[in-house]
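Comments concern the structure below.
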Amino acid sequence: MTSYMTRRYPIVRHRDLWPSLPWSALRRRPLAAEADEILVYRTGRDTYTAGTADTSLAARATAVSVVDLSRDVGLVVGWTLAARDSALDFPVTVTYRCTVLDPVAVVRARNTDAVRNTRRFLAQDRTPFELDGAFAPGDERGLRGALTMLLTARSARRTVPGVRVLADVDVGPADLHAMEA
């Protein structure tokens with residue numbers, strides 16, 4: 001069963017630690033991992049999960065991130081693709097099912113667009129538009145199959161670091177596209 005993203009993903013929270021923050025910031029409550037989350041600490045160039053590091057790691061850390069380890073988190077993206085030889089469009093909805101496999105890789109890539117805004121990163125994929133105008137109205141099944149193959153091959157080329165991404169494609173019947181005013 002797929003759960004849908006209702007908050008930031010895959011890094012739920014991030015906090016830079018001493019000495020980069022003023023003294024008053026040290027009085028904040030420390031970050032804590034909830035169910036299906038893990039703390040990942042950064043000390044200079046090294047990155048560790050809470051379970052693999054020694055007990056003094058938190059005291060030496062310069063940053064800590066909370067990473068979501070939930071399985072099959074759904075990120076929904078929608079497009080319209082033109083039907084062949086027609087003024088009709090196919091509504092396409094892709095549900096990306098994401099699971100963090102390597103929380104350390106996620107934190108190392110924290111400043112990349114793929115991790116900072118995973119949904120937008122996946123939505124900017126232009127691969128589905130290779131099929132724009134390729135299928136006749138009524139061939140939703142053919143378009144769904146072609147999109148599934150394209151997106152499956154794409155996940156090997158353009159990935160979110162440390163995250164497995166699978167795509168579920170849904171194609172609706174071709175309909176007149178909305179006219180712009």
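Hey, what's region 114-173 come to in accessible area per residue, 1.4 Å probe, Å²?
52 Å²
Loop only by DSSP, 16 or fewer other Cβ within 10 Å of the Cβ. Give me the trypsin sites (Lys or Arg not before Pro) in region 85-146 that pass, ordered by residue number. Kindly include the intermediate steps, with their values, before the conclusion.
Numbers: sites: Arg97, Arg108, Arg110, Arg116, Arg119, Arg120, Arg126, Arg141, Arg144; in loops: Arg110, Arg126.
Here the trypsin sites (Lys or Arg not before Pro) that fit, given the DSSP loop and packing criteria, are Arg126.
May I ask you to derive the FRET efficiency for Thr159 and Arg60 from their Cβ-Cβ distance with R0 = 25 Å, giving the value to the nearest 0.05?
On the way: r = 31 Å, r/R0 = 1.24.
Computed FRET efficiency for Thr159 and Arg60: 0.20.
The values are calculated or read from the model by the stated rules, or taken from the named source; none is laboratory data. All values derive from a computational prediction rather than experimental measurement. Glycine gets a Cβ as well: all are built from the backbone with ideal geometry, and neighbour counts include every protein chain shown. What goes into the accessible areas is simple: the full protein's heavy atoms, side chains included, and nothing from ligands, DNA or RNA. Shrake-Rupley method; radii C 1.70, N 1.55, O 1.52, S 1.80 Å.
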